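Since the structure comes first, as structure tokens, the remarks are kept for the end.
All of the numbers you see were taken from the coordinates with simple rules; none came from a lab. Because the structure is a prediction, the values reported are computed rather than measured. When we count neighbours, we look across all protein chains shown, and the Cβ atoms used for this are built from the backbone with ideal geometry, even at glycine.
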Amino acid sequence: MRSTLKKAFELSGIGLHLGKQSTVKVMPALSGEGRYFVRVDLPDAPQIPAHIAAVGETTLSTELKARTAKVRTVEHLLASLVASGIDDARIEINAEELPLLDGSAQNWCKAIAQAGIQVHQNQSIQAPIIPQEAIWIHDGDCFVAALPATQTRFTYGIDFPYQAIGNQWHSWSPTEQDFATEIAPARTFGFAEQIEQLQQAGLIKGGSLENALVCSHHGWINPPLRFTNEPARHKLLDLVGDLSLLGQLPTAHILAYKASHKLHTQLAKKLAQINQSVISNQ
């Protein structure tokens, strides 16, 4: 059953990497239109589909592009939409980067819940994505995999040489735990020793202690944490957002360890290719 929003909502804030103010208006869309962005600040308001084929750069966030139009840091909003059951949405934005808000997805989820969900009367059918064998994407000891399963589940592990983080894992299933309370509140995180280097590279210009957890070798600079394993939960949040670019979450156990937006989207591309091959052979 495809769904959209009952009414539009709007949120504004500073983008993490570009450090610029932006406003996002998320609106209802017709059945089958999918989730797509509209750059209302550009001539002719170009549309950018929230689809795996539109992925551009994946350095510390996920960027989508259509010709010369781009939109970046899309993963938190897209994760919130897919986890809330919103299949079709028009997302208008007046800048290149979505606002980071408090560094998590909880404000997106709250806004979606307040707007309400509308089930389409005219349904557009999308074939489910059900891998029949394990699919692995890896880079050294970092990997993400889709394992055959009867229901959707995400399991994420991280390992950092910071005592405050160390080795963490978290597992979440949309049929068993509420995304809005268990995953969405987890904030993005970074490391004090890397801030200057990343800023010199033109990244995290909008990052602050108000919208990101910052860790040093001495511990967390801005506690308290919302969960003891908040960093692992945030990585899982990013993974859900990246896999939403398939249009729907696959029926599989998605297992990741020390992965990245690059590996996430590579898995999504592989799943899309396999699913298209299955459809073509039917």
Mind checking the dipole of the chain: about its Cα centre, +1 per Lys or Arg Cβ, -1 per Asp or Glu Cβ, Debye to the nearest 20? 440
Lys, Arg +1 and Asp, Glu -1 on Cβ, resulting dipole of the range 135-281 about Cα centre, debye, nearest 20: 280
State, to one decimal in nm, how far the label point of Ala45 lies from the label point of Gln123, with both points 7 Å from Cα in the Cβ direction. 3.1
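Report Rg/Rh for the chain, rounded to two decimals, where Rg is the Cα radius of gyration and Rh the Kirkwood radius.
Values: Rg = 18.0 Å, Rh = 19.0 Å.
My calculation puts Rg/Rh at 0.95.
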Out of Val38, Met27, Ser61, whose Cα points farthest toward the positive end of the dipole of the range 3-119 (charges: +1 Lys, Arg; -1 Asp, Glu; placed on Cβ)? Met27
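Going by how many other Cβ atoms sit within 10 Å of their own, how do His51, His234 line up, fewest first?
On the way: His51 18, His234 28.
Ranking His51, His234 by Cβ neighbours within 10 Å, fewest first, gives His51, His234.
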Identify, among Asn167, Gly202, Thr152, the residue whose Cα sits farthest towards the positive end of the charge dipole of the range 135-281, taking +1 on the Cβ of Lys and Arg and -1 on the Cβ of Asp and Glu, with the dipole about the Cα centre. Thr152
Given 0.36 nm per residue, what is the gain on full extension from Glu193 to Glu210 after removing their alpha carbon distance, in nm? 4.3 nm
Once fully extended, how much extra length lies between Glu133 and Trp169, figured as 0.36 nm per residue of separation less the alpha-carbon to alpha-carbon distance? 10.6 nm
Would you calculate, for the chain, the mean residue ellipticity at 222 nm contributed by helices, counting each DSSP H stretch of 4 or more residues as -39,500 (n - 2.57) and dividing by all residues, to the nearest 500? -7000 deg cm²/dmol
Write down the percent of antiparallel bridges among all DSSP beta bridges whose residues are both part of the range 135-281, to the nearest 5. 70
Counting alpha carbon pairs within less than 8 Å and at least 6 residues apart, what relative contact order, in whole percent, applies to the range 3-119? 38
From the alpha carbon gyration tensor of the range 3-119, can you work out the equivalent ellipsoid semi-axes (sqrt of 5 times each eigenvalue) and give them in Å, largest to smallest? 20, 16, 13
Going by a ≥ b ≥ c, the root eigenvalues of the Cα gyration tensor, does the range 135-281 fall in the rounded group (a/c under 1.5), the prolate group (a/b larger than b/c) or the oblate group? prolate
Which entries of Lys25/Lys270; Lys7/Lys270; Lys25/Lys269; Lys205/Lys270; Lys65/Lys235 have Cα-Cα distances beyond 26 Å here? Lys25/Lys270; Lys7/Lys270; Lys25/Lys269; Lys205/Lys270
Leu213's amide H: which non-local residues (gap 5+, or another chain) put their own amide H closer than 5 Å, with H modeled 1.01 Å from N in plane and none for Pro or chain starts? Thr188, Phe189, Gly190
Roughly what would the spin-label model give for Gln273 and Thr150, points 7 Å off Cα along C-beta, in nm? 3.1
Out of the DSSP beta bridges found with both residues in the chain, what percent are antiparallel (nearest 5)? 75
